[in-house]
Amino acid sequence: MGNQLLYKDEVYAIQGAIFEVYREMGNDWHEEVYQQCLERELKERGIPFDSKKPLPIYYKGRAIEKTYEPDLWCFGKIIVELKAVRALAEEHRRQILNYLRITRCRLGLLVNFGAYPRVDIERYAL
């Protein structure tokens, strides 16, 4: 795949929606508020997504009963995890990497709306 970014156009579209929500709302709200605002913005932009869609968890190559529900599942292939904290911690980064691994998804965005002076978006690919 070389130096090309995975799902570049899709991520660009998602980031545009994220930036708009942050521009409008700032950094002083709870995660649930950002979740609802981002859902509205994604819908207005025609970006396909599911909210809290159950994704299978795999153990030794087989799905188990328990599922994982990402905050947003965009374009049917990108996990978007939202946070509203002062700064992202290693536990948040480990969490998104673990979600990617157990669901076999290839790309995740870890978004922190609590950051200042701008929203923090970290991209993780497997």
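Computed from the coordinates by the stated procedures, all read-outs in this text should not be read as laboratory data. This one's a predicted model, so the numbers in the text were calculated from it and none came from an experiment. With ideal geometry, Cβ positions are generated from the backbone for all residues, glycine too; neighbour counts draw on all protein chains shown.
What's the tally of Lys pairs in the stretch 30-125 whose alpha-carbon atoms lie under 17 angstrom apart, where the two lysines are 8 or more places apart or on different chains?
On the way: Lys43/Lys52; Lys43/Lys53; Lys43/Lys77; Lys52/Lys66; Lys52/Lys77; Lys52/Lys83; Lys53/Lys66; Lys53/Lys77.
Number of lysine pairs found: 8.
Taking every DSSP beta bridge with both residues inside the stretch 30-125, roughly what % is antiparallel (nearest 5)?
So the antiparallel bridges amount to about 75 percent of the total.
Taking the Cα centre of the chain as origin and charging only Cβ (+1 Lys, Arg; -1 Asp, Glu), how large is the dipole, in debye to the nearest 20? Mind showing how you got there, number by number?
Working: 20 positive and 19 negative charges, 135 e Å.
For this selection, approximately 640 debye.
In degrees from 0 to 90, rounded to the nearest 10, what is the angle of the helix 8-25 Cα long axis to the longest principal axis of the chain?
40 degrees
What is the chain's relative contact order, in percent, from Cα pairs under 8 angstrom and six or more apart in sequence?
Working: 203 pairs, mean separation 28.2, N = 126.
With pairs under 8 Å counted, the relative contact order is 22 percent.
Give a residue-ordered list of calculated ³J(HN,Hα) values for the stretch 93-99 (Karplus: 6.51 cos²θ - 1.76 cosθ + 1.60, θ = phi - 60°; whole Hz; x for Gly, Pro).
3J(HN,Hα) across the stretch 93-99, in whole Hz: 5, 4, 4, 5, 5, 5, 4.
Given (1) 13, 45, 34, 8, 0; (2) 12, 36, 29, 17, 5, 1, 0; (3) 12, 40, 25, 10, 8, 4, 1, 0 as candidate values of P(r) over Cα pairs in 10 Å bins from 0, in percent, which corresponds to the one derived from the coordinates?
(1)
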